[in-house]
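Enquirer: Before anything else, here's the structure in question.
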Amino acid sequence: MRVWLEEREITGLCTRVTVEKSLEAAGASCEVLLVCAPMDSRLPRLDPACGQWVAVTEEQETLFSGRIERVSYDAAALRLSLLCYDPASLLVKNHCRGPYSGTPAEITRQLCRECGLVPGEIWQGDGQPVQLGRVCGRGVYRTICNLYDDRCAVDYRNGRVQVYPKGQNRALLESGRLVSLTARNDSQEAVNRVRIYRKGDLDAEVVDQDSIDRLGLRSRDAYLSLQYEDARQQAQAELQGVSRQARLVFTGRNPVKCGQIVALDKPLMGVYGDYLVTQVLWQQEKGLITTELGVTSL
């Protein structure tokens, strides 16, 4: 990885570089740790400021491009720390007012422009027109996620905001490159019976009997939501089995994206089947590059 401050390469001063992207955040973050000895004439002097541009590249690919939002100095340790965010983070920092009308893609493009961002490839979603009343105080990123029923992921590439569907591509992960693995199977949020009511009357009920036999009855009642075509579809969607999460660390940089579906090439420690990538973290420290993935079962 190579690190740039404005037009100046500072890779030689970096002791650790971390680029992180999560489905919970609109933009990616980057933390850069550098050696800093202002009185040592042998080291280049740096005086970074908030708002300056930082980029992280590998070969011809840009892994991160954004502005400094926090500069921290540690005189005792002779260390300088930069915390940066890419421009898509502005979708979280701004709020929208409305009203808005159009397809999810059209409204998303309008919201991006209101935040001073250039929209790139924007997923059409279901393509159906949407009417949003005044949404004063609601965050732009949350509004975009709601337009796509939380089935989208946001990225910033080549100076433009991209919106794409979760689960768009599937990748196989090489277990031979695995450095560490932690996994957790959790049944606390499991739901194996869902009943949907309309105007106080039961409209639909869906039961997962195998789950009831294994875990006992875990029931949820809800009213019909406008997000679904019928009550049974909603009931089926709200069934939830045992949740499986894992964190995997691989040697080298793996070009996996948040929202992508991945699977190990062979089952290990209860990690099997398809998982959704919820977090990607690339790190370079002491010349070693690693990729850490946070994943959850589908």
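Enquirer: Can you check what the net charge comes to around R232, using other residues whose Cβ is under 10 Å from the Cβ of R232 (Lys, Arg +1; Asp, Glu -1)? Can you show the working numbers first?
Expert: Numbers: positive: none; negative: D203, E205, E229, D230.
So the environment of R232 carries a net charge of -4.
Enquirer: Further, regarding this structure: Please get the size of the charge dipole for the chain, origin at its Cα centre, with Cβ charges of +1 on Lys and Arg and -1 on Asp and Glu, quoted in debye to the nearest 20. Spell out each step's value before the answer.
Expert: Details: 37 positive and 38 negative charges, 86 e Å.
Once rounded to the nearest 20, the dipole reads 420 debye.
Enquirer: Provide the convex hull volume over Cα atoms per residue for region 193-238, in Å³.
Expert: Once divided by residue count, the hull of region 193-238 is 60 Å³.
Enquirer: Along the charge dipole of region 90-165, which of I144, P165, V92 sits closest to the positive end, that is, farthest toward it, with unit charges on the beta carbon of Lys, Arg, Asp and Glu (+1, +1, -1, -1)?
Expert: In region 90-165, that residue is V92.
Enquirer: Starting from region 138-214, pick out the GluC sites (Glu not before Pro) whose DSSP state is loop and whose Cβ has at most 11 other Cβ atoms within 10 Å. Provide the component values of the computation, followed by the final result.
Expert: On the way: sites: E174, E189, E205; in loops: E174, E189.
Here the sparse-neighbourhood loop sites are E189.
Enquirer: Sequence-distant or interchain residues sharing an amide H contact under 5 Å with T15, placed H: which?
Expert: L33, L34, V35
Enquirer: A further question follows. Nearest 500 deg cm²/dmol is fine: what mean residue ellipticity at 222 nm does the chain get from its DSSP H runs of n ≥ 4 alone, each adding -39,500 (n - 2.57), divided by its residue count?
Expert: -3500 deg cm²/dmol
Enquirer: Residue separation times 0.36 nm, minus the C-alpha to C-alpha distance between T251 and Q52: what's the value?
Expert: Working: separation 199, 0.36 × 199 = 71.64 nm, distance 3.08 nm.
Here the answer is 68.6 nm.
Enquirer: Using per-residue counts of other Cβ atoms within 10 Å, averaged over each peptide, order 5-11, 206-212 from highest down. List each step's numbers first, then the result.
Expert: On the way: 5-11: 13.1, 206-212: 15.3.
The peptides rank, most packed first, as 206-212, 5-11.
Enquirer: Working out 0.36 nm times the residue gap between R157 and D74, then minus their Cα-Cα distance, what length gain in nm do you get to one decimal?
Expert: Numbers: separation 83, 0.36 × 83 = 29.88 nm, distance 3.25 nm.
Contour length minus Cα-Cα distance gives 26.6 nm.
Enquirer: Over 28 Å between C-alpha atoms is what I'm after, so list which of K93/K166; K166/K286; K166/K266 land there. All intermediate terms of the calculation are to be shown ahead of the outcome.
Expert: Details: K93/K166 23 Å; K166/K286 34 Å; K166/K266 23 Å.
Over 28 Å Cα-Cα: K166/K286.
Enquirer: Another question, then. Dividing the alpha-carbon Rg of region 1-105 by 2.2 N^0.38 Å yields what?
Expert: Computed over Cα atoms of region 1-105, the ratio equals 1.29.
Enquirer: Rounded to whole Hz and in sequence order, give me ³J(HN,Hα) for region 260-277 from the Karplus expression 6.51 cos²θ - 1.76 cosθ + 1.60, θ = phi - 60°, writing x for Gly and Pro.
Expert: 7, 9, 10, 8, 6, 5, 8, x, 9, 6, x, 8, 8, x, 8, 10, 9, 6
Enquirer: Please give the length that would be gained between R67 and L215 if that part of the chain were fully extended, namely 0.36 nm times their separation in residues minus their C-alpha to C-alpha distance (nm, one decimal). It would help to have the intermediate numbers written out before the result.
Expert: Details: separation 148, 0.36 × 148 = 53.28 nm, distance 4.87 nm.
48.4 nm is the gain from fully extending R67 to L215.
Enquirer: Between R138 and A183, what's the calculated FRET efficiency when r is the beta-carbon distance and R0 is 30 Å? Round to 0.05.
Expert: Numbers: r = 36 Å, r/R0 = 1.19.
FRET efficiency, R138 to A183: 0.25.
Enquirer: Continuing with the same structure: Exactly which trypsin sites (Lys or Arg not before Pro) in region 186-279 are in a DSSP loop and have at most 12 other Cβ atoms within 10 Å?
Expert: Values: sites: R193, R195, R198, K199, R214, R218, R220, R232, R244, R247, R253, K257; in loops: K199, R218, R253, K257.
Sites meeting the loop and neighbour criteria: K199.
Coordinate-derived values only; no laboratory data. What you are looking at is a predicted structure, and each value in this text was computed from that prediction instead of being measured. Backbone-built Cβ (ideal geometry, glycine too); neighbour counts: all protein chains shown.
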